[in-house]
Amino acid sequence: MFSAMARRAVSVATLPPRLALSGLALVGGSTIPRTAVSDVALRTGTLALAGVGMIPAAAGSIFGAPRIPGSAYVSAVASAINYQPRVRRRIEQRLGRSLTDFALESATSFADVLTYAPASLGVDFGLRTMLLRETLAARHSRRVWSFEPGGRGASTRPEPSGSGERYADRIAGVQLAAGAALATVSAGGDTVATSIKVSAPRPLRMSRESFAAGLSYGLWRTHHTAVSDSAALRMLDRIDTVLVDPSVLFDDSLRVSDIREVAESDRVAVWEQARKALNDGTVGVGRHRIGGAEVVVRPVRKGLAETLIGEIRAAGVAAVTIDDDGLGSLRSGFDELYPAQSTAEAGLREALSALVAEGRTVAIVSSRAIAGQAVLRIGISPPSGEHVSADIHTDLAGAWRVVHALPAARTATRRGVELSSGSSALGALIMLPGVRGAGPGRSQLVRPRDCGPDTPCPDL
């Protein structure tokens, strides 16, 4: 199956982007929607390029083939464009995320082949395998949930700056400054190109992308969760507040939760009257006068309601909701309760606007379409039910899993920053005169130039 997909991907990769994205295509012998075909074909194409490119790159590295003139400059340009946040955002605005990834990943693979970097291609091959698996899971989820990709619709998502973004912005300036400084002191062109490549925060992106791809695939495999917008999973590390719609915590059935202002001898009789009224449908959620007593009726709480709220607090983020009569003892689990409005939608909308105005990065868990700038929208609905505009479609168990992943997302970003800093420092060390090394992604050793027939080379 993989060989067939690889052959098709190579053919797609050789087509112009507009032709590669047009119409329907067959992947694995089945006809799938246009957008899904494009994503799967492009992902498979970049995977095939990395896999095939390892062969000439490894051969050149093992047999010590001379570098192709200008290959270092190609590699530097690909790295500079790929890891300059502002440049990449401009390209994404023109081409879209999928085509941008395809173009830049293909350019990176081409540059790694020219510079004989099989190790770099091998790492890319592993990451692109995970990304392809994520894309295939998204395709299957659309068949089960029957929704169009990009379900958020016209609403916009803010792009808050986290520790990873701040580091990428800083290192982008360092990347250009280092290249300009080396060029000023008349360093060789290869040295300038190498400095640009070693300063790129490649481990940071790989850490975040691999985490998000693994989480997306795991959500589908474990909870049959549908991710309609994978970009939302790349922002989990920046979330500091989770706004919960009270309705997702309750079932449709009702219960008598309390009886007040009644003597103990009459409590059982009033209870029976209240239960009969519930069965007849004459009372709803709220406070009612039955048999001279005040009867409080609340919806039945879902089994995972308390677990979800507890996990939000354990994840180190604020748990927020709007005040609702049905919350009962769940009120104590929330950090903030916003006042109820005329409708639940209005209350959630006001709460979301207030949180965003405070500078919070908000994820919302709701069964309704709430307008506002939430970074992540988790829609709670069954696969066969009516779907709300959301980035993730799941049940309460899937929402718990996403919240549970928030600390891991922050850890992935932190480790990515640490690895990027370490790799850049190591790359700078290898560039020093007299330090042995072959540059980023190359496995062969470079022998000193001052040895020859009359001067034996030292053992390496």
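Summary of values
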| quantity | calculated |
| --- | --- |
| Total charge dipole magnitude, the range 288-411, about the Cα centre, Cβ charges on Lys, Arg, Asp, Glu only, Debye to nearest 20 | 220 |
| Zone residues, the range 240-259, relative to ASP325, backbone N less than 19 Å from point 7 Å out along Cα-to-Cβ | 246-259 |
| Rounded percent of accessible protein surface that carbon and sulfur make up, the range 164-278, 1.4 Å probe | 55 |
| Cut-off 10 Å between beta-carbons: net charge of the residues surrounding SER420, Lys and Arg +1, Asp and Glu -1 | +2 |
| Whole-number accessible area per residue in Å² for the range 52-125, which is evaluated in the context of all protein chains at 1.4 Å | 50 |
| Sites ARG255 and GLU159, calculated FRET efficiency, Cβ-Cβ separation with R0 41 Å, nearest 0.05 | 0.40 |
| Length released on extending from ALA357 to GLN341, taking residue separation times 0.36 nm less the Cα-Cα span | 3.9 nm |
| Residue-count net charge about ALA72 - beta-carbon cut-off 10 Å; Lys, Arg +1, Asp, Glu -1 | +1 |
| Accessible-area composition of the range 69-120, carbon plus sulfur, in percent [1.4 Å probe] | 62 |
| Extension gain from SER247 to ASP280, taking 0.36 nm per residue of separation minus the Cα-Cα distance | 9.6 nm |
| Area accessible to solvent at MET54, 1.4 Å probe radius, in Å² | 60 |
| Charge sum, other residues only, whose C-beta stays under 13 Å from THR241's C-beta, Lys/Arg counted +1 and Asp/Glu -1 | -1 |
| Extension gain (nm, one decimal) between HIS404 and ARG221, 0.36 nm per residue minus Cα-Cα | 64.2 nm |
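The values are calculated or read from the model by the stated rules, or taken from the named source; none is laboratory data. Computed from a predicted model, the values in this text were never measured in an experiment. For neighbour counting, all protein chains shown are included, and Cβ atoms are generated from backbone atoms with ideal geometry for every residue, glycine included. Protein only, heavy atoms only, side chains kept; ligands, DNA and RNA dropped before computing areas. Shrake-Rupley method; radii C 1.70, N 1.55, O 1.52, S 1.80 Å.
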